[in-house]
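J.: The structure's right below; bear with me while I get my questions together.
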Amino acid sequence: MKVKETAQIVASDKLAENIYSMLLATTASQYAVPGQFINIYCNDGSKILPRPISICEIDKELGTLRVVYRVVGKGTAEFSNLKPGDTVEILGPLGNGFPLEEGKAIVVGGGIGVPPMLELAKELTGDVTAVLGYRTDDLFLADNFIDAAAEVVFATDDGSVGVHGTVVDAMKENDLRADVIYACGPKPMLKGVAEYADSIGAKCYVSMEERMACGVGACLGCVCQSKEVDNHSHVNNKRVCKDGPVFLSTEVVL
Amino acid sequence: MNTKVTIAGVEFQNPIMEASGTFGSGMEYGEFVDLNRLGAVVTKGVANVPWPGNPTPRIAEVSSGMLNAIGLQNPGVEVFCNRDLKFLENYKDTRVLVNVCGHSAEEYIEVVDRLADESRVDMLEINISCPNVKEGGIAFGQDPKAVEEITRLVKKHAKQPIVMKLSPNVTDIKVMAKAAEAGGADAISLINTLTGMKIDVERQNFVLANKTGGMSGPAVHPIAVRMVYECANAVNIPIIGMGGVSTWEDAVEMMLAGATAVSVGTANFFNPTATVDILDGMIDYMKRKKIDNITDIVGIVK
Ligand SMILES: Cc1cc2nc3c(=O)[nH]c(=O)nc-3n(C[C@H](O)[C@H](O)[C@H](O)COP(=O)(O)OP(=O)(O)OC[C@H]3O[C@@H](n4cnc5c(N)ncnc54)[C@H](O)[C@@H]3O)c2cc1C
Ligand SMILES: Cc1cc2nc3c(=O)[nH]c(=O)nc-3n(C[C@H](O)[C@H](O)[C@H](O)COP(=O)(O)O)c2cc1C
Ligand code: FES
């Protein structure tokens with residue numbers, strides 16, 4: 001079930017340069033699963049479109065959702081100025097989420113693709129390795145992953161921590177094996193991860209991103225190219241907001 | 001108190017509809033609003049065959065508005081009839097307007113013919129004003145002769161009343177409204193989106209893959225009100241007004257300017273219950289102003 005409601009901000013913190021965390025009290029937490037996202041609306045009405053932000057952590061008992069986001073423009077800048085007690089309009093949870101599969105799993109996050117992997121790492125029941133890629137040694141959320149996963153491998157663009165290179169380099173260097181790989185990050189990274197998964201015979205789920213308007217599957221703004229015809233328009237366009245954001249890597253064109 | 005309005009013999013329980021392309025066929029927003037409360041569901045444009053639409057990005061935000069370049073992605077009329085119309089069978093209180101698109105006169109006619117015997121279709125809205133497809137679409141909507149011809153042709157084939165959807169991307173929209181009336185249109189609807197462009201200054205490139213997109217949302221509302229007013233004073237057929245309607249005040253404004261019914265589009269994206277919120281606000285306004293029939297306010301501002 002999706003809810004549209006006013007959510008109260010319980011906590012708002014800066015985690016790293018331009019990276020913020022926001023804890024929201026919302027009934028959407030009761031329906032959320034890892035890999036889903038919420039639409040956050042700006043309080044400034046001139047910014048009419050919602051900002052889709054992935055769910056980083058779910059606490060059903062406390063009734064909260066945590067989101068972690070990078071400030072890249074006016075909307076996210078507005079969110080970063082919100083204080084505990086302030087409110088925002090939200091719609092969610094949206095999208096399909098990651099299917100929780102049995103067996104050994106690798107969760108891969110690159111940059112602002114790291115946050116959505118946290119709740120997944122916590123909910124997976126098998127053995128979990130987290131592979132996290134950052135620009136520098138500003139390793140936001142790393143401690144949470146160390147608690148949630150059996151093993152954590154780092155890759156940094158500047159080589160300051162872990163493998164000097166991409167998350168794919170880190171997987172190769174550590175010769176990581178798994179039954180299933182889950183990934184969120186920029187498209188070239190997803191492509192690399194999908195190829196790596198293929199090479200080790202693992203199933204691979206990727207979380208995609210596209211510009212959105214409605215967030216619920218009505219406007220057809222957010223499509224990505226799919227290999228088979230989609231069941232909405234019977235062309236080769238799946239809706240990231242509704243059919244995704246999580247797809248099998250073999251389902252979509254990366 | 002009576003919220004009913006009638007357009008070309010079709011009675012609507014109230015004048016509030018949603019605008020084509022912003023609401024699918026109602027399946028998705030049906031989670032948030034009771035579709036049976038709407039005056040009508042207006043479907044996304046339907047073509048003779050599935051259309052894949054434009055490459056992405058298809059969406060850009062602008063101040064108090066947005067640009068879209070969906071390019072009329074749709075599953076084609078066959079799937080539409082078997083799935084979407086079947087779904088709408090469950091909502092008998094609301095009327096159904098099917099928005100029709102095509103690249104050529106023949107394609108429009110093929111859709112119109114296919115829909116002729118579908119009992120769930122109360123009216124056809126003919127989109128001759130989409131700025132996001134290269135052929136057809138807007139090409140029919142920017143030349144009064146072409147507007148009149150396509151209207152006449154569609155009217156000859158259609159079993160349901162036809163609404164011609166006009167483009168604001170013209171010098172004088174009254175000329176197009178008169179052309180549609182001359183061609184036999186039962187009603188007109190306006191405005192479709194205004195062609196716009198957004199450039200990303202960091203990447204020094206277009207935000208939309210299509211370069212241009214149709215602008216909609218609160219920022220276009222005053223233009224839409226002006227155009228509805230102009231058309232209302234130029235033709236004798238009813239008008240469905242749209243463009244930036246986000247609040248009940250916006251909807252009432254449209255009706256005062258001359259619209260018999262009002263469509264809500266982009267507002268659904270920032271308020272999924274916009275349609276019914278607007279309807280409730282309009283009913284409160286009627287009570288407060290002691291308006292017995294909502295039709296009493298249509299076009300009274302001269
Ligand atoms: C399913 C999904 C999940 C996401 N999860 C996260 C997350 O967990 N953390 C995070 O930091 N970011 C996430 N993003 C990206 C986030 O939505 C954008 O960074 C944000 O919308 C930017 O808003 P802005 O106003 O600051 O930027 P502006 O550039 O001013 O935004 C202008 C418009 O473009 C849209 N936009 C800009 N960048 C993106 C983008 N990358 N993707 C989609 N729309 C964009 C905005 O929503 C807005 O409509 C996610 C995107 C999607 C589609
Ligand atoms: C995402 C999107 C898709 C649209 N698709 C269609 C369409 O398929 N057919 C059509 O006639 N108009 C289409 N329109 C135009 C709207 O129906 C409406 O005329 C316009 O957006 C102005 O109203 P608004 O400001 O309330 O959105 C679309 C608009 C948007 C924003
Ligand atoms: S954002 Fe509208 S369909 Fe995905």
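The values are calculated or read from the model by the stated rules, or taken from the named source; none is laboratory data. All values derive from a computational prediction rather than experimental measurement. Cβ sites come from the backbone with ideal geometry, for glycine too, and all protein chains shown count toward neighbours. Please note that ligands, DNA and RNA were not included when accessible areas were found on the heavy atoms of the full protein model with its side chains. Shrake-Rupley method; radii C 1.70, N 1.55, O 1.52, S 1.80 Å.
J.: Mind checking which residues of region A:217-254 are of a type in the set (K, R) and part of a loop (DSSP other than H, G, I, E, B)? Break it down stepwise before answering.
T.: Pass one, region A:217-254, residues of a type in the set (K, R): A:227, A:238-239, A:242.
Hits for region A:217-254 are A:K227, A:K242.
J.: Something else about it: Please count how many residues of region A:239-254 are under 15 Å from B:I59 (Cβ atoms) and more than 16 Å from ligand 3 (Cβ to nearest atom).
T.: Count: 0.
J.: Could you list, in sequence order, all residues of region B:210-225 that are more than 9 Å from ligand 2 (Cβ to nearest atom) and under 11 Å from B:M242 (Cα atoms)?
T.: B:P222, B:I223, B:V225
J.: Right, something else. Among the residues of region B:40-51, are any more than 21 Å from B:I138 (Cα to Cα) and in contact (Cβ under 8 Å) with a residue 40 or more places away in the chain?
T.: Taking region B:40-51 first, the residues more than 21 Å from B:I138 (Cα to Cα) are B:40-41.
Within this subset, residues satisfying the condition of being in contact (Cβ under 8 Å) with a residue 40 or more places away in the chain are B:40-41.
Checking region B:40-51: at least one residue is more than 21 Å from B:I138 (Cα to Cα) and in contact (Cβ under 8 Å) with a residue 40 or more places away in the chain.
J.: Please pick out the residue among A:G103, A:G73, A:G95 that is open to solvent by 10 Å² or more (accessible area, probe 1.4 Å) and without any contact (Cβ under 8 Å) to a residue 24 or more places away in the chain. Before the answer, list the steps.
T.: On the way: A:G103 fails: without any contact (Cβ under 8 Å) to a residue 24 or more places away in the chain; A:G95 fails: without any contact (Cβ under 8 Å) to a residue 24 or more places away in the chain.
Step by step, each of A:G103, A:G73, A:G95 is checked, and only A:G73 is open to solvent by 10 Å² or more (accessible area, probe 1.4 Å) and without any contact (Cβ under 8 Å) to a residue 24 or more places away in the chain.
J.: Quick check on region B:60-72. Is at least one of its residues over 17 Å from B:K211 (Cα atoms), polar (S, T, N, Q) and modelled with pLDDT of 95 or more?
T.: Looking through region B:60-72, at least one residue is over 17 Å from B:K211 (Cα atoms), polar (S, T, N, Q) and modelled with pLDDT of 95 or more.
J.: Being open to solvent by 10 Å² or more (accessible area, probe 1.4 Å) and within 13 Å of ligand 2 (Cβ to nearest atom) narrows it down to one of B:N233, B:N205, B:N271, so name that one.
T.: On the way: B:N233 fails: within 13 Å of ligand 2 (Cβ to nearest atom); B:N205 fails: within 13 Å of ligand 2 (Cβ to nearest atom).
When all the criteria are applied, what remains is B:N271.
J.: Checking B:A116 against (1) open to solvent by 10 Å² or more (accessible area, probe 1.4 Å); (2) within 13 Å of another protein chain (Cβ to nearest Cβ), which single condition isn't satisfied?
T.: Failed condition: (2).
J.: So for region B:33-43 (the condition being open to solvent by 30 Å² or more (accessible area, probe 1.4 Å) and within 13 Å of chain A (Cβ to nearest Cβ)), does at least one residue qualify?
T.: First pass over region B:33-43, keeping only residues open to solvent by 30 Å² or more (accessible area, probe 1.4 Å): B:34, B:36-37.
The next check asks that each one be within 13 Å of chain A (Cβ to nearest Cβ); those that pass are none.
No, there is no match, as no residue in region B:33-43 is open to solvent by 30 Å² or more (accessible area, probe 1.4 Å) and within 13 Å of chain A (Cβ to nearest Cβ).
J.: Moving on to the next point. Taking only region A:20-58 into account, find how many residues are of a type outside the set (A, V, I, L, M, F, W, C) and more than 16 Å from A:G97 (Cα to Cα). Walk me through how you get there before you give the answer.
T.: As a first pass, look at region A:20-58 and keep what is of a type outside the set (A, V, I, L, M, F, W, C): A:20-21, A:26-27, A:29-31, A:34-36, A:39, A:41, A:43-47, A:50-52, A:54, A:57.
Within this subset, residues satisfying the condition of being more than 16 Å from A:G97 (Cα to Cα) are A:20-21, A:26-27, A:41, A:43-47, A:50-51.
The number of residues fulfilling the criteria is 12.
A quick yes/no check of all residues on (1) assigned to a loop (DSSP other than H, G, I, E, B); (2) away from ligand 1 (no atom under 16 Å from the Cβ); (3) in contact with a Gly (Cβ under 6 Å, 6 or more places away or on another chain); (4) more than 11 Å from every other protein chain (Cβ to nearest Cβ):
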{"position": "B:P57", "(1), (2), (3), (4)": "yes, no, no, no"}
{"position": "B:E61", "(1), (2), (3), (4)": "no, no, no, no"}
{"position": "B:R83", "(1), (2), (3), (4)": "no, yes, no, no"}
{"position": "B:F87", "(1), (2), (3), (4)": "no, yes, no, yes"}
{"position": "B:N90", "(1), (2), (3), (4)": "yes, yes, no, yes"}
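J.: Next question, about the same structure. Considering only residues that are assigned to a strand (DSSP E or B) and among the charged types (D, E, K, R), which ones fall in region A:21-59? Please lay out each step first, then the result.
T.: Step one: list which residues in region A:21-59 are assigned to a strand (DSSP E or B), which gives A:21-25, A:37-40, A:51-54, A:57-59.
Selection gives A:R51, A:E57, A:D59.
J.: Just to be sure I understand the filter: pairs with C-beta atoms under 6 Å, separated by 6 or more residues or on different chains, first member in region B:4-30 and within 14 Å of another protein chain (Cβ to nearest Cβ) and on the phi > 0 side of the Ramachandran plot, second member crowded, with 18+ Cβ neighbours inside 10 Å and outside any strand (DSSP E or B). Which pairs pass?
T.: That search, which allows pairs on different chains as well, returns B:G21/B:K44; B:G24/A:A218; B:G24/B:K44; B:G26/B:L35.
J.: Name every residue in region A:207-218 that is at the interface with chain B (Cβ under 7 Å from one of its Cβ atoms) and open to solvent by 10 Å² or more (accessible area, probe 1.4 Å), in order of residue number.
T.: We begin by selecting, within region A:207-218, every residue at the interface with chain B (Cβ under 7 Å from one of its Cβ atoms); these are A:210-214, A:216-218.
Those that are at the interface with chain B (Cβ under 7 Å from one of its Cβ atoms) and open to solvent by 10 Å² or more (accessible area, probe 1.4 Å): A:E210, A:R211, A:M212.
J.: Another question, if that's okay. I'd like the residue in region A:224-248 that is of a type in the set (A, V, I, L, M) and within 12 Å of ligand 1 (Cβ to nearest atom) and, out of all such residues, is farthest from the other protein chains (Cβ to nearest Cβ). Break it down stepwise before answering.
T.: Initial filter on region A:224-248 (of a type in the set (A, V, I, L, M)): A:229, A:235, A:240, A:246, A:248.
Now narrow it down to the ones that are within 12 Å of ligand 1 (Cβ to nearest atom): A:240, A:246.
Working: A:V240: 9, A:V246: 18 Å.
Going through the qualifying residues, I end up with A:V246.
J.: Determine, yes or no, whether A:V180 is within 19 Å of the chain's Cα centre (by Cα), in the same structural domain as A:L132 (by TED's automatic domain parsing) and open to solvent by 30 Å² or more (accessible area, probe 1.4 Å).
T.: On the way: within 19 Å of the chain's Cα centre (by Cα): yes; in the same structural domain as A:L132 (by TED's automatic domain parsing): yes; open to solvent by 30 Å² or more (accessible area, probe 1.4 Å): no.
Taking the combined requirement at face value, the residue does not satisfy it.
J.: Within the group A:P84, A:P34, which residue is more than 14 Å from chain B (Cβ to nearest Cβ), open to solvent by 20 Å² or more (accessible area, probe 1.4 Å) and in contact (Cβ under 8 Å) with a residue 12 or more places away in the chain? First the steps, then the outcome.
T.: Values: A:P34 fails: open to solvent by 20 Å² or more (accessible area, probe 1.4 Å).
The unique qualifying residue is A:P84.
J.: Answer yes if at least one residue in region A:157-174 is in contact (Cβ under 8 Å) with a residue 40 or more places away in the chain, within 17 Å of the chain's Cα centre (by Cα) and either more than 30 Å from A:T125 (Cβ to Cβ) or open to solvent by 60 Å² or more (accessible area, probe 1.4 Å) (or both), and no otherwise.
T.: No: zero hits.
J.: Return only the number of the condition from (1) buried (at least 22 other Cβ atoms within 10 Å of the Cβ); (2) touching a residue at least 60 places away in the same chain (Cβ under 8 Å) that A:S233 does not satisfy.
T.: Looking at each condition in turn, A:S233 falls short on (2).
J.: Pick from A:K203, A:K122: which is of a type outside the set (D, E), open to solvent by 20 Å² or more (accessible area, probe 1.4 Å), at pLDDT 95 or above and within 19 Å of A:E57 (Cα to Cα)? Quick ask: steps written out before the conclusion?
T.: Working: A:K203 fails: within 19 Å of A:E57 (Cα to Cα).
On inspection, the qualifying residue turns out to be A:K122.
J.: One residue is enough: does region A:210-228 have a residue meeting the conditions more than 16 Å from ligand 3 (Cβ to nearest atom), among the aliphatic types (A, V, I, L, M) and more than 20 Å from the chain's Cα centre (by Cα)?
T.: No; the residues of region A:210-228 include none that is more than 16 Å from ligand 3 (Cβ to nearest atom), among the aliphatic types (A, V, I, L, M) and more than 20 Å from the chain's Cα centre (by Cα).
J.: For region B:201-302, which fully contained strands (runs of 3 or more DSSP E) count at least 2 residues that are within 14 Å of chain A (Cβ to nearest Cβ) and under 18 Å from the mean Cα position of the chain (by Cα)? Step through it out loud before you land on a result.
T.: Details: elements: B:212-216, B:239-242, B:261-264.
It comes to B:212-216.
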